[in-house]
Number of protein chains: 4
Amino acid sequence: MTLIVVMEHQASQGAVDALIARLREMGFDTHLSVGVERTIIGAIGPKRPEYIQQLGAMAGVDRIVPILQPFKLAGREFHAEGTAVQVGAVTIGAEPLVVMAGPCAVEGEEQLLKIAREIKSAGAHMLRGGAFKPRTSPYSFQGLEEEGLRILALAREQTGLPVVTEVVNPRDVELVAQYADMLQIGARNMQNFTLLKEVGKTQKPVLLKRGLSATVEEWLMAAEYIISGGNEDVVLCERGIRTYETETRNTLDLSAVPAIKHYSHLPVIVDPSHGTGRWRYVTPMARAAVAAGADGLMVEVHSEPEKALSDGAQSLTPKNFQQLIEEVEKIAEAIGRDARQNVIGVQVNETQ
Amino acid sequence: MTLIVVMEHQASQGAVDALIARLREMGFDTHLSVGVERTIIGAIGPKRPEYIQQLGAMAGVDRIVPILQPFKLAGREFHAEGTAVQVGAVTIGAEPLVVMAGPCAVEGEEQLLKIAREIKSAGAHMLRGGAFKPRTSPYSFQGLEEEGLRILALAREQTGLPVVTEVVNPRDVELVAQYADMLQIGARNMQNFTLLKEVGKTQKPVLLKRGLSATVEEWLMAAEYIISGGNEDVVLCERGIRTYETETRNTLDLSAVPAIKHYSHLPVIVDPSHGTGRWRYVTPMARAAVAAGADGLMVEVHSEPEKALSDGAQSLTPKNFQQLIEEVEKIAEAIGRDARQNVIGVQVNETQ
Amino acid sequence: MTLIVVMEHQASQGAVDALIARLREMGFDTHLSVGVERTIIGAIGPKRPEYIQQLGAMAGVDRIVPILQPFKLAGREFHAEGTAVQVGAVTIGAEPLVVMAGPCAVEGEEQLLKIAREIKSAGAHMLRGGAFKPRTSPYSFQGLEEEGLRILALAREQTGLPVVTEVVNPRDVELVAQYADMLQIGARNMQNFTLLKEVGKTQKPVLLKRGLSATVEEWLMAAEYIISGGNEDVVLCERGIRTYETETRNTLDLSAVPAIKHYSHLPVIVDPSHGTGRWRYVTPMARAAVAAGADGLMVEVHSEPEKALSDGAQSLTPKNFQQLIEEVEKIAEAIGRDARQNVIGVQVNETQ
Amino acid sequence: MTLIVVMEHQASQGAVDALIARLREMGFDTHLSVGVERTIIGAIGPKRPEYIQQLGAMAGVDRIVPILQPFKLAGREFHAEGTAVQVGAVTIGAEPLVVMAGPCAVEGEEQLLKIAREIKSAGAHMLRGGAFKPRTSPYSFQGLEEEGLRILALAREQTGLPVVTEVVNPRDVELVAQYADMLQIGARNMQNFTLLKEVGKTQKPVLLKRGLSATVEEWLMAAEYIISGGNEDVVLCERGIRTYETETRNTLDLSAVPAIKHYSHLPVIVDPSHGTGRWRYVTPMARAAVAAGADGLMVEVHSEPEKALSDGAQSLTPKNFQQLIEEVEKIAEAIGRDARQNVIGVQVNETQ
């Protein structure tokens, strides 16, 4: 890796010498640059993240600036082509837009089968629904667990829609993988490294949601955990980050879409339901996500939001979901998803 | 205004009585609701913001929940129709999308006239450019001041494009108003109330940028200052908020667009240049902004970004700006700007 | 629970009736308050968090304001006395200040035993050290795992200092509990509910770090998971939250200390090492934490920070740790830890 | 200034050559470092902030890392000794702690004189009170303006306490300077550069509050505006930053105190009233601020908080303020304000 070590204004010659000696001991080539104001040392050497902290602890060091993004497998630098991920008959990251929809939680067989039929007829490509629910309160509905998985599989049988559902416990990865077509890692688990390693061992595609306060870099590092574990089928999902703004449940960071396209070859979709927390804003933000270049959407839909066991306030009715589909399809055409590589390519690779 | 006063769990009867007495003294009608866990008092009375803090200071009070949004003139509640603002021959807030473009700063006559011609031929509707520049560092270029205004007016003569430019000093409002067609209040001045009152006295349209860490409510309250001062021609501009994410200069909060449409009748445009800080992300986010329902865009364009006196890294070349225009026009068609009222109307007013 | 339902300005009578009908169906008593501007409905009824979202999805509802903090067992409302947690011979939450210290990671037997002796002679009361390390990068040192636990137990034998160490995998809770005196839940796992439930089943005291972007309320809800699982020995640890400020690794939110004292009976300590990320700021912030009323500190110490396998830049040398102890002891005296209950009591319970 | 230019992975030789040519044209000496993964160019040359943006716009550039903090006059690098600022008979930044107190707003002669006498007898050293009030709502009390200044001057006559009060309009700087001993720049005006330049022309000491979302660096750059304008008597005031946490009005960032001590020679005080927004937390955070090394405090006090025209909920009663003083004095002794230079010196300059 490449590091820039910036010494303090008053750093002694001894401190500079000690630092260079330590860098060489670590196996770095060093370039010394003595300025009027500061001494700067450029260093190129082995990829050992802990070295950054160690050098930061040395006398006279103001700060260390690491240069290369720490991700390799998830990065576009060594994998220029975009990746497409196959989930059953659905391809995520290719030309056509992919829409995943369904209730926040699987509440029962009748409820889910009804919604599954409704979203399919509206034009959704995949079914979402939670069987294991991570809830802020221990007193909230925690999900139907395996029974919920069974119902999801049944809905797939009846509708043909591949199923994506969340796994929260490393112990349950195999179980969920038996029923689901795609494993979802929720925002609160984006840095649950034990869970990331576990799904990295499976061959199921993984939907990796961005953490509530994760940077784009940390998000890609979480993907790196899964890929370096042996599972290359990772799809990223922007779902809003936490900011001071309280009008929306989260702040949907759509600039993460072109940023991911710039740094990574992985597909990226957007969840405007959690991203806004209010059904009113879901459709406009779904349109915006597609216009920004997202490969797909994940939308919460419920036949009776006012009776949903969770997230009612951000769930669309089937009728409004139908309209969302119509509107986003127009946007998808407008940005020429049939020529997406080119369009996005222009944004990403061209230099002015 | 309407308030909900929540008493502490252990609040004494004396505290409750004192509070109700004080509320009545303030002129409120009160509704007492005694729960097992808490006592709640609903109160309806005169609109006096300071009362909220006063009541919050009373014994036994846990918190005060004010109900009505404090803005009246900027709000949609008493002004259901969207407002359109006229700037020269350009209408902002009506069906057609409005694109403002130009350099961050006016650097000289030749530079500005060249860019003005370039953006006009690319399809821009208004010219932007800073004559007075608020800069983080006192050592940065501070703008050409009146000479810059003169050059902007000259560019208008030659191109016919109305001019929007920032005013930073209450003393200069009249001066800037003599040259410009629209007065811009920058993000750092969104709560410079002296300046807001000053522009409220003019009859020039005002472009009010959102503060770096302003809530949607505070932003609308800033608009309220201008309108209550007598100037109703206010256009809001989302330009990104400050978050922990460092990949982008700011985090462009596009959900503010449907939120503004929901709460206010004022037009809202988006500045993807400051919103991202990186030219690469400007076009995708411009597309997204239009798809979210924005009435227009403000984009930084420079003939030679690598020689710009400010914001080079986020400025588009005329060539890339041309492409931005082509792409956003497709999006504008797709969301049927010719039927915007309906489309947006659906998002904003329908109940599920 | 108690809810305030705020209707939209233009809500129809039908919407209000439907809402009241639904509230009664849910088992709520309702108080209607019709204002000029808004209709407000106060409702008292069963504690069912999902109801909040369901009502939020109904026609004409602007927003729902839940009144009671959702936590019961962690809250002070029904448990006015402060709780003290026993860890071996050490009591956390009583008069004396408790200082936990040690390296970020256990790197080897010699390293840990050396540091353990050093921190003990400096006056630390407990030993910290990671055997299982959650790291942002899969390429970073991940910890010695069980071997690390063995070494920690050995250090306890030799020094008599109780050991606190992190558990990251629900599967390892029993294993870690065999070696450690206190189980640490790291910031990234604060909402790893599977893990919280698992430690809730043990009888080991738990140190619950605040999540990077957790509110005080979410933090207490995480404690609620552990307590409602059957384990009452929870100690909270403020370790900094994520903000836009990059000068420090995190922003240490010391106001969380009096806030926790106000809402909860649980002890709270502070980690100024992660809270600042820079050794220079650790001692001043440790003094500040004690002055704010913290029951203890967790400080990273390393004999050779410049060779630490992690967090070198925020680790104190034993010499500086010694000084930290001397300085915080003076502060502890100054706020009269021997009369802490009173002093803090005054801040927390008195009404002006 | 010193810059590190990081090229993109795929940057062409032509791009590298063009960049070096441009750097030389700008007057920089360059050091080329070609790594396996990236090419890095170190450059030392003239201090021209705009160059950073210009280079960022060039082909093949990934990012520019500027090395030296951009502030000179406010920085400690060329001014190792701490500065003390004289306000009447009071010295800020020397050994003794300085406490400023008073109401948020001057509401009338009787009110202010009463509070002034109360805070003086409690031990305050300076009187604060707003005559010009920047308020979020145009419908809130805006201050008594010149009449308020007259009353403040009268209170000084009667109590001998120097007066600090806010100026919000560049036009009023002279007027306020005629009455006040210290000019306050409020958080919302920290980047009101017109106002900063205006107070830079006076010889009155300035209290510069940190902006709601300002970094430590931006804050020091704001001080740089004042000092470079000719006024060296600047005192910084930490008053909380905006974060996602809603329990407190702002998040008081006490780590800014040692950070300012590290980077700057200017005195720094803390305002725990705005920093927390809740009177309950003011005293613990005042203790913490002093323990962190603050040179003083600014505290809101009101004889009848429940009737205050603003900020009642965060104002202390004289009785509680009296107690605050007693508690912070103990902390001041404990950190040896009489040996502050040494103590703080240790934190700031020592290398481990």
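What the table below lists for this structure:
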quantity: Selected residue (criterion: nearest to B:Leu112 (Cα to Cα)) from residues of the range B:146-179 that are open to solvent by 10 Å² or more (accessible area, probe 1.4 Å) and within 12 Å of chain D (Cβ to nearest Cβ); calculated: B:Glu166
quantity: Subset tally (residues that are in contact with an Asp or Glu (Cβ under 7 Å, 6 or more places away or on another chain) and either away from chain A (no Cβ under 14 Å) or of a type in the set (Lys, Arg) (or both)) for the range C:1-21; calculated: 3
quantity: Residues of the range B:173-194 that turn out to be in contact with a Ser or Thr (Cβ under 7 Å, 6 or more places away or on another chain) and touching a residue at least 40 places away in the same chain (Cβ under 8 Å), as a count; calculated: 2
quantity: Evaluation of D:Trp279 against (1) modelled with pLDDT of 95 or more; (2) open to solvent by 10 Å² or more (accessible area, probe 1.4 Å) (one fails), failing number; calculated: (1)
quantity: Residues that are among the hydroxyl-bearing types (Ser, Thr, Tyr) and touching a helix residue (DSSP H, G or I) at 6+ places or on another chain (Cβ under 7 Å), drawn from the range A:195-227; calculated: A:Thr202, A:Tyr225
quantity: Unique match (being of a type in the set (A, V, I, L, M), within 14 Å of chain A (Cβ to nearest Cβ) and touching a residue at least 12 places away in the same chain (Cβ under 8 Å)) among C:Ala289, C:Ala308; calculated: C:Ala308
quantity: Residue count for the range C:246-258, restricted to those that are in contact with a strand residue (DSSP E or B) (Cβ under 9 Å, 6 or more places away or on another chain) and either surrounded by fewer than 24 Cβ atoms within 10 Å (Cβ to Cβ) or outside the structural domain of C:Leu212 (by TED's automatic domain parsing) (or both); calculated: 1
quantity: Residue check for D:Met26: in the same structural domain as D:Pro318 (by TED's automatic domain parsing) and over 30 Å from B:Glu224 (Cβ atoms); calculated: no
quantity: Cross-chain or 6+ apart pairs with Cβ under 8 Å, the range D:1-14 first and open to solvent by 10 Å² or more (accessible area, probe 1.4 Å), then acidic (Asp, Glu) and outside any helix (DSSP H, G or I); calculated: D:Met1/A:Glu37; D:Glu8/D:Asp62; D:His9/A:Glu77; D:His9/D:Glu37; D:His9/D:Asp62; D:Gln10/A:Glu77; D:Ala11/D:Asp62
quantity: Tally, over the range D:43-102, of residues that are among the hydrophobic types (A, V, I, L, M, F, W, C), within 22 Å of A:Val61 (Cα to Cα) and away from chain B (no Cβ under 14 Å); calculated: 5
quantity: Test result for C:Pro318, over 30 Å from D:Ala286 (Cβ atoms) and either surrounded by fewer than 24 Cβ atoms within 10 Å (Cβ to Cβ) or more than 7 Å from every other protein chain (Cβ to nearest Cβ) (or both); calculated: yes
quantity: Criterion violated by B:Leu207 - all others in (1) more than 16 Å from B:Gly277 (Cα to Cα); (2) surrounded by fewer than 24 Cβ atoms within 10 Å (Cβ to Cβ); (3) at pLDDT 95 or above satisfied; calculated: (2)
quantity: Residue satisfying condition, being farther than 28 Å from D:Val328 by Cβ and either of a type in the set (Gly, Ala, Ser) or buried (at least 23 other Cβ atoms within 10 Å of the Cβ) (or both), within set D:Gly143, D:Gly102, D:Gly88; calculated: D:Gly143
quantity: Residue among D:Glu81, D:Glu25 that is open to solvent by 50 Å² or more (accessible area, probe 1.4 Å), over 24 Å from A:His31 (Cα atoms), of a type in the set (D, E, K, R) and out of contact with any Lys or Arg (no Cβ under 7 Å at 6 or more places or on another chain); calculated: D:Glu81
quantity: Subset of the range B:259-273 (residues that are open to solvent by 10 Å² or more (accessible area, probe 1.4 Å) and out of contact with any strand residue (DSSP E or B) (no Cβ under 8 Å at 6 or more places or on another chain)); calculated: B:His262
quantity: Residue in the range B:242-252 that is of a type in the set (S, T, N, Q) and touching a Pro at 6+ places or on another chain (Cβ under 7 Å) present; calculated: no
quantity: Evaluation of D:Leu161 against (1) at pLDDT below 95; (2) closer than 22 Å to D:Glu300 by Cβ (one fails), failing number; calculated: (1)
quantity: Every residue from the range B:44-75 that is of a type in the set (Asp, Glu) and either part of a strand (DSSP E or B) or surrounded by 23 or more Cβ atoms within 10 Å (Cβ to Cβ) (or both); calculated: B:Asp62
quantity: Residue within the range A:66-74 that is free of Cβ contacts under 8 Å to residues at least 24 places away in the same chain and either closer than 18 Å to A:Thr165 by Cβ or among the hydrophobic types (A, V, I, L, M, F, W, C) (or both) present; calculated: no
quantity: Some residue of the range B:31-43 being free of Cβ contacts under 8 Å to residues at least 40 places away in the same chain, among the β-branched types (Val, Ile, Thr) and outside any strand (DSSP E or B); calculated: yes
quantity: Of all residues making up the range A:287-329, the number that are in a loop (DSSP other than H, G, I, E, B) and within 25 Å of A:Phe141 (Cα to Cα); calculated: 9
quantity: Selection status of A:Met182, farther than 30 Å from B:His262 by Cα, of a type in the set (A, V, I, L, M, F, W, C) and within 12 Å of chain C (Cβ to nearest Cβ); calculated: no
quantity: Selection status of B:Leu112, more than 30 Å from B:Arg287 (Cα to Cα) and part of a helix (DSSP H, G or I); calculated: no
quantity: Selection within the range C:109-130 - away from every other protein chain (no Cβ under 14 Å) and open to solvent by less than 40 Å² (accessible area, probe 1.4 Å); calculated: C:Leu112, C:Leu113, C:Ile115, C:Ala116, C:Ile119, C:Ala122, C:Gly123, C:Ala124, C:Met126, C:Leu127, C:Arg128, C:Gly129
quantity: Members of the range A:247-286 that are more than 7 Å from every other protein chain (Cβ to nearest Cβ) and part of a loop (DSSP other than H, G, I, E, B); calculated: A:Arg249, A:Asn250, A:His265, A:Leu266, A:Pro267, A:Asp271, A:Gly277, A:Arg278
quantity: C:Gly35 being over 33 Å from the mean Cα position of the chain (by Cα) and crowded, with 17+ Cβ neighbours inside 10 Å; calculated: yes
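One line per residue, one yes/no per condition, for (1) open to solvent by 10 Å² or more (accessible area, probe 1.4 Å); (2) under 12 Å from the mean Cα position of the chain (by Cα); (3) more than 8 Å from every other protein chain (Cβ to nearest Cβ):
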{"residue": "A:Leu196", "(1), (2), (3)": "no, no, yes"}
{"residue": "A:Val199", "(1), (2), (3)": "no, no, yes"}
{"residue": "A:Thr202", "(1), (2), (3)": "yes, no, yes"}
{"residue": "A:Leu212", "(1), (2), (3)": "yes, yes, no"}
{"residue": "A:Trp219", "(1), (2), (3)": "no, yes, yes"}
{"residue": "A:Ser228", "(1), (2), (3)": "yes, no, no"}
{"residue": "A:Val234", "(1), (2), (3)": "no, yes, yes"}
{"residue": "A:Thr243", "(1), (2), (3)": "yes, no, no"}
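The values are calculated or read from the model by the stated rules, or taken from the named source; none is laboratory data. Being a predicted model, the structure only gives us computed values, none of them experimental. Please note: Cβ atoms are built from the backbone with ideal geometry, for glycine as well, and neighbour counts cover all protein chains shown. These accessible areas exclude ligands, DNA and RNA; they are computed on the full protein's heavy atoms, side chains included. Shrake-Rupley method; radii C 1.70, N 1.55, O 1.52, S 1.80 Å.
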